[in-house]
Amino acid sequence: MPRAVIYVRVSTADQVDNYSLETQESECAKYCERQGLEVDRIFREEGESAKTINRTALQEMLRYLTSSAKKREITHVVVYRVDRLAREVGGHHTIKATLSKLNVTLHSVMERFDETATGKLTENLMAVLAQFDNDLRSQRTKDGMRAAIAHGRWVWGAPVGYLRGPKAAPSLVIDPVLGPVVREIFQRVASGERKDDVRLWAAERGVLTSKGTTLHPQQFHRLLINPIYVGLVVVPKWKVTHQGDFEPLVDFETFRLANHTIHSGGGRARERALNNPDFPLRRVVRCGECSWPLTGSWSTGKGGTRYAYYHCRNRDCRKTRVPKAELEAIFEEWLDETSLPPSFFDALDLVVRDFAEESQKNNVRARQRVQESLDALSAKESKLMDTFLSGVGINEETFTRHLRAIEDERISLQEEMGILLVDHIDFDAVIQKARQIMGDLRTSWNTLGPNERKVFLRFLVPDGIGFENGRVRTPLSIDGIRGIASLVGDEKRLALLTGFEPVSPP
């Protein structure tokens, strides 16, 4: 009898959503019984993010299959849903590639797919949706952080010299031990004392790395230029600057003088640019012989004419050397072949809308929970006020302390509600944009600027693409998408999520 291993994963939030390990194990075991599979082993992942494939139980399972799949006749890996295995498309396909080499297939209890073109499309849709859900959660987390920063809260780990504050404001409090040391660091540097001497002095007084070692000069430099020490929350990548809700450690004049001394005497060397707009496929296309990323360079002929080439930078290989215009033309032909047909977007439209409907329901429940907490807080505030006004059992100091705690909790709940209210997504616009970009990849590529092209390539071919014998070799991560082109025809039917009626592509 063929055997299967079961992989289950859960996080604290998932347990609330009925994705407990016990539920997953039970459903996966029932699936194996229906399919005539003997359960060989169960791998349980508790509390580890699916954003990465470097997970304890997952890696243990892959090692076990590598050593035992053949001799124990293990042919299946069964998961409850695809997003239990991975929440990132590249990670999903990396795992699938490993399983494929072992002649082991992936099966999901809640989603139906197989190795046909239709099955590959469905599986890829599930992987894309898992990443979409992960990205959406990440965006909401960022929105929550932005909302907190707007109130002056520091939302990351406390920098040296500070400790995390209570749940309510302030978000940081001065560390009674290291706070005075950091303050003196700025005063010493501002007075002209050598920065390296101050760094060693600070190390003797406990200003160390998380590993207990002396700060590296660059780490010490970053401490001195960090505006948080003058009470500012600055997030350059979000172009945000807010006055913090915490006490500054250093006054502006001392901070300015300290920074003047460390910046005088010349600027820092500029980092070598790795992304040359002349060679947009540099480090993306790989040599077909050795798989090293190609680099690009100009050479000058005898007559002074300059020629551009992509070539292998592996000194032990260097077998690939192709003119820039030739390789980029081949790449554009590959983009034409890889562009997605209309049937893909019709299917995606249905699947995404169903996914969004479920997400909206979860969001509504969360808003109801927060609103109930706000209502309960208002009732608590009203009761506190009545008790204080009655003049019995509570003095003014106690009243003020409780009232401040209520207000702090209300601010936190309002921030949470603000995040939950930012949930509208114009799916028509999203699908239309996807049609525009993915339906004609060549045009999309040719209208993008250098920085946009980097993002485009990271999305389209995160693992790079191979070049050999005058052709671009499609990587595994795009195989499922390439297979979609075969879905044209009335006899083809597309299986979507469990519970959906299959639809025929137009």
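The values are calculated or read from the model by the stated rules, or taken from the named source; none is laboratory data. What you see is a predicted model, and the numbers here were worked out from it, not measured in a lab. Neighbour counts run over all protein chains shown; Cβ positions are idealised from the backbone, glycine included.
Quick one: is VAL430 in contact with a Pro (Cβ under 8 Å, 6 or more places away or on another chain), of a type outside the set (Phe, Trp, Tyr) and either at pLDDT 80 or above or more than 14 Å from PHE331 (Cα to Cα) (or both)?
no
Here are some conditions: (1) at pLDDT 80 or above; (2) under 23 Å from VAL8 (Cβ atoms). SER171 meets all but one. Which one does it not meet?
(2)
Could you tell me whether VAL177 is surrounded by fewer than 14 Cβ atoms within 10 Å (Cβ to Cβ), aliphatic (A, V, I, L, M) and at pLDDT 90 or above? Can you show your working first?
On the way: surrounded by fewer than 14 Cβ atoms within 10 Å (Cβ to Cβ): yes; aliphatic (A, V, I, L, M): yes; at pLDDT 90 or above: yes.
Yes, satisfied.
Quick one: PHE388 ticks every box in (1) more than 24 Å from GLN360 (Cα to Cα); (2) out of contact with any helix residue (DSSP H, G or I) (no Cβ under 7 Å at 6 or more places or on another chain); (3) among the hydrophobic types (A, V, I, L, M, F, W, C); (4) at pLDDT below 75 bar one, so which box is it?
With respect to (1) more than 24 Å from GLN360 (Cα to Cα); (2) out of contact with any helix residue (DSSP H, G or I) (no Cβ under 7 Å at 6 or more places or on another chain); (3) among the hydrophobic types (A, V, I, L, M, F, W, C); (4) at pLDDT below 75, PHE388 is out only on (2).
Being at pLDDT 90 or above and in contact with a Pro (Cβ under 8 Å, 6 or more places away or on another chain), is that true of even one residue in segment 52-73?
Among the residues of segment 52-73, at least one is at pLDDT 90 or above and in contact with a Pro (Cβ under 8 Å, 6 or more places away or on another chain), which makes the answer yes.
Please specify each residue of segment 7-27 satisfying the condition of being modelled with pLDDT under 50 and either among the small types (Gly, Ala, Ser) or within 24 Å of LYS96 (Cα to Cα) (or both).
ALA13, ASP14
Within segment 444-475, can you find the residues that are closer than 20 Å to ALA329 by Cβ, exposed (fewer than 15 other Cβ atoms within 10 Å of the Cβ) and polar (S, T, N, Q)?
Result: ASN446, THR447, ASN469.
Note down all Cβ pairs under 8 Å where the first residue falls in segment 314-329 and is touching a residue at least 24 places away in the same chain (Cβ under 8 Å), the second is crowded, with 17+ Cβ neighbours inside 10 Å and not in a strand (DSSP E or B), and they're at least six residues apart or on different chains.
ASN314/TRP292; CYS317/TRP292; THR320/GLY288; LYS324/PHE279; LEU327/LEU281; GLU328/PRO280; GLU328/LEU281
Does ASP40 satisfy being outside the structural domain of ASP463 (by TED's automatic domain parsing), modelled with pLDDT of 90 or more and either surrounded by 14 or more Cβ atoms within 10 Å (Cβ to Cβ) or touching a Cys at 6+ places or on another chain (Cβ under 8 Å) (or both)?
Here the answer is yes, as ASP40 does meet what is asked.
Could you please find all residues in segment 430-462 being within 25 Å of ASP349 (Cβ to Cβ), part of a loop (DSSP other than H, G, I, E, B) and more than 20 Å from the chain's Cα centre (by Cα)?
Within segment 430-462, GLY439, ASP440, THR447, LEU448 meet the criteria.
Give me the pairs: first residue in segment 241-262 and within 25 Å of ILE149 (Cβ to Cβ), second residue among the hydrophobic types (A, V, I, L, M, F, W, C) and in a loop (DSSP other than H, G, I, E, B), beta-carbon distance under 7 Å, and six or more apart or on different chains, which are they?
If the second residue must be among the hydrophobic types (A, V, I, L, M, F, W, C) and in a loop (DSSP other than H, G, I, E, B), the pairs left are GLY244/TRP154; ASP245/ALA169; PHE246/TRP154; ASN259/ILE225.
Could you tell me whether LEU249 is at pLDDT 85 or above, in a loop (DSSP other than H, G, I, E, B), of a type in the set (A, V, I, L, M, F, W, C) and surrounded by 11 or more Cβ atoms within 10 Å (Cβ to Cβ)?
Spelling it out, LEU249 is indeed at pLDDT 85 or above, in a loop (DSSP other than H, G, I, E, B), of a type in the set (A, V, I, L, M, F, W, C) and surrounded by 11 or more Cβ atoms within 10 Å (Cβ to Cβ).
Looking only at residues that are assigned to a strand (DSSP E or B) and in contact (Cβ under 8 Å) with a residue 60 or more places away in the chain in segment 189-238, which one is farthest from the chain's Cα centre (by Cα)?
In this case the residue turns out to be VAL233.
For GLY152, are the conditions met, namely being at pLDDT below 80 and part of a helix (DSSP H, G or I)?
no
Scan segment 342-395 residue by residue and report those that are among the polar types (S, T, N, Q) and more than 30 Å from GLN436 (Cβ to Cβ).
Hits for segment 342-395 are GLN368, GLN371, SER373, SER378, SER382, THR387, SER390, ASN395.
What do you reckon, is GLN414 surrounded by 11 or more Cβ atoms within 10 Å (Cβ to Cβ) and at pLDDT 75 or above?
no
Got a sec? Which of ALA329, ALA366 is in a helix (DSSP H, G or I), surrounded by fewer than 16 Cβ atoms within 10 Å (Cβ to Cβ) and touching a Leu at 6+ places or on another chain (Cβ under 6 Å)?
The conditions single out ALA366.
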